[in-house]
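Only the coordinates and a few stated rules stand behind these numbers; no lab work does. Fair warning: this is a prediction, and the values are worked out from it, not measured in the lab. Reconstructed Cβ throughout: ideal geometry from the backbone, glycine too, with neighbour counts over all protein chains shown.
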Amino acid sequence: MIYGRRSNGSQHGIVLTKPVVVDWMLDRAAYVPDRDLSGVRVLEPAAGDGAFAAAIVDRLYESALRFGFSFQQALHNLTCFEVDAQMADALTRRLTDRLSRYGAVLPDGMIRRADFLLAEIGLSYDLIVGNPPYVRHEQIPVPLRQLYRDLYPVFTHRSDLYIAFYERSLRLLSECGLLCFICSNRWLKNQYGQRLRELIGRVYGLGEVIDLEDADPFEESVAAYPAITSVYKSKSRSKSIASYYKVHHVSELDAAAPPLEPVRPLDIQHPSNWFSAREDPAHSGMLYTIEEQGFNIGIGVATGADVCYIRPDLASMVEPELCLPILLSKDLKNNQLVWSGNYLLNPFDLNGRLIDLECYPRARAYFGTHSELLRSRYVARKSPEAWYRTIDRVDAALVGRNKLMLPDMSGNTFLLIDEGRYYPHHNLYYITGGTYDDLVLLACILMSRFVKDQLAALGNRMNGGYLRWQSQHVKKLRIPHIRSIPAHIARELADAYHRREYHAIDRWLSGAAIAQYGAPFHQTTLF
């Protein structure tokens, strides 16, 4: 288990594609039996148990019958990589059984039990298709992670493993080759996908992007929305105007899916975000970022060992002055802030310096019981003398500040404000600055449809339709200045916020309602 197990017991990186989606992708890649497929070299870089490979074999056999070429000989054009031994065994059994029905045998070398990212590959391919592995950055073993970074320049920041799969696959395309992947759509918008977007925009030809927000393309539920992306080796084969396609009102993809219509353009000349929102110049001077209005955007503390630093009974184990009440993402549910009673063990003094354990004997003894775990963290290996520090420095003064809380991912309708009681955990982003009333107005604006549309363009929606409040995207939001809101509207918004009347807030922030009031706020018709 190279990447460890997920919460459901499956291995990280393995999410199987439904056969109907496989057929749909092969159709769109023009790997169809009514073509002579005898010379088409096909690569699947993460074959799993053979959903794509089996369909490819079936189509190749049909093509051989129609065009009279040797099916057995054409099988040598197919290559399947699978790094997991159990999956490779299942793939071998499946294809051996499949080929026996057609009177053929599995060619040597067709299935390669190897890491696709590290293997020697001497061929180029006309079609590279599949579902690359979903493995988060922190799940990749550190030695492998560094090796992938050395080999693949686009594999930067906190890249998911599939980013490296994209780069290697693109390098292996023949002159007329096509890459067709189904995977998370996060790389299309977020920071770790920027170098891949730059590479595609500069060197390759984007075919199409099909966002499957309303579909269910995998054999199990996954947290992120997937997209099918096709990329040509040759820029000349790209569409003259790259377009973003979305499947509307489809709960299950099927072979009879209607032709897709473009919904919006992809601005591939701006790799920072292909989905960048286009502002109306008439309103650009009236919209400001949150930070331009004097607010600060931050993220909660990452400890590297929550089991040690966060628990409800810390005050009985260490000096109470080191314990800060900490707010977790699970404490913000059902539009309520209900503290779970957990505390954060703060190893820093009021000046931001690491405490001297000789002055805190109870903390010294407690840290000693967790010494092996704490010293194994990267932050401790980098600074052995500071082995008991949290990854992030803790600023205890933050507890006493009003904070507009933004859970990374939440089903809450309302954005909630911590009135100076808690320290935020790393799954929580927060906004500080101004007065409590300022934060209330800011919360109302951030709950508006206008902001949600911006977030949808900048970031990614997760399973269930939830938007992610990630700092990199929140900092790019453009909103009216809260101090330009007329006083009577501000009062109505604040009253609606405290009554938790979301629809009243939405009504006040609609273009129709705002239009009757004075400049400059009403001039922003984007609500």
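Once the convex hull of the C-alpha atoms of segment 5-144 is built, how many Å³ does it hold per residue, rounded to a whole number?
Measuring per residue, one finds 118 Å³ for the Cα hull of segment 5-144.
Summary of the geometry: segment 51-83 and segment 127-185, compared by the centres of their Cα atoms, lie 25 Å apart. What is the calculated FRET efficiency for ARG35 to VAL203, with r their C-beta to C-beta distance and R₀ = 30 Å, to the nearest 0.05? Between ARG35 and VAL203 the formula returns 0.65. For segment 197-204, putting each phi into the Karplus relation 6.51 cos²θ - 1.76 cosθ + 1.60 with θ = phi - 60° gives couplings of 4, 4, 4, 5, x, 8, 10, 10 Hz, in residue order, rounded to whole numbers and with x for Gly and Pro. 3J(HN,Hα) couplings calculated from phi for segment 289-295 with the Karplus curve 6.51 cos²θ - 1.76 cosθ + 1.60 (θ = phi - 60°) are, in sequence order, 6, 5, 5, 5, 8, x, 8 Hz; Gly and Pro show x.
Phi angles of segment 19-32 translate, via the Karplus equation with coefficients 6.51, -1.76, 1.60 and θ = phi - 60°, into HN-Hα couplings of x, 5, 6, 4, 4, 5, 5, 5, 4, 5, 8, 6, 8, 10 Hz per residue; Gly and Pro are given as x. Along its first, second and third principal axes, ordered by size, segment 304-389 spans 43, 26, 26 Å in Cα coordinates. Given LEU127, ILE140, VAL105, which one lies farthest toward the positive end of the charge dipole of segment 105-155, if we put +1 on the Cβ of every Lys and Arg and -1 on the Cβ of every Asp and Glu? The one lying farthest along the dipole's positive direction is ILE140. Legend: residue pairs LYS189/LYS330; LYS403/LYS452; LYS452/LYS476, Cα-Cα distance threshold 18 Å; pairs beyond threshold, LYS189/LYS330; LYS403/LYS452.
Inverting the mean 1/r over all pairs of different Cα atoms, compute the Kirkwood radius of segment 70-161 and quote it in Å.
By the Kirkwood definition, the hydrodynamic radius is 15.3 Å.
Put simply, the amide H of ILE111, placed in the peptide plane, has neighbours under 5 Å in CYS80, leaving out anything fewer than 5 places away on its chain. Sparse packing (at most 14 other Cβ atoms within 10 Å of the Cβ) combined with a DSSP loop state is found for the following GluC sites (Glu not before Pro) in segment 105-199: GLU120.
For ASN402, the residues 5 or more places off, or on other chains, whose built amide H falls under 5 Å of its own are GLY420. The ellipsoid equivalent to the alpha-carbon distribution of segment 357-454 has semi-axes of 37, 16, 10 angstrom, derived from the gyration tensor eigenvalues as √(5λ) and listed largest first.
Under 5 Å between amide hydrogens, built in the peptide plane, is the criterion, and for TYR125 it picks out LEU173, SER174 among residues at least 5 positions away or on other chains.
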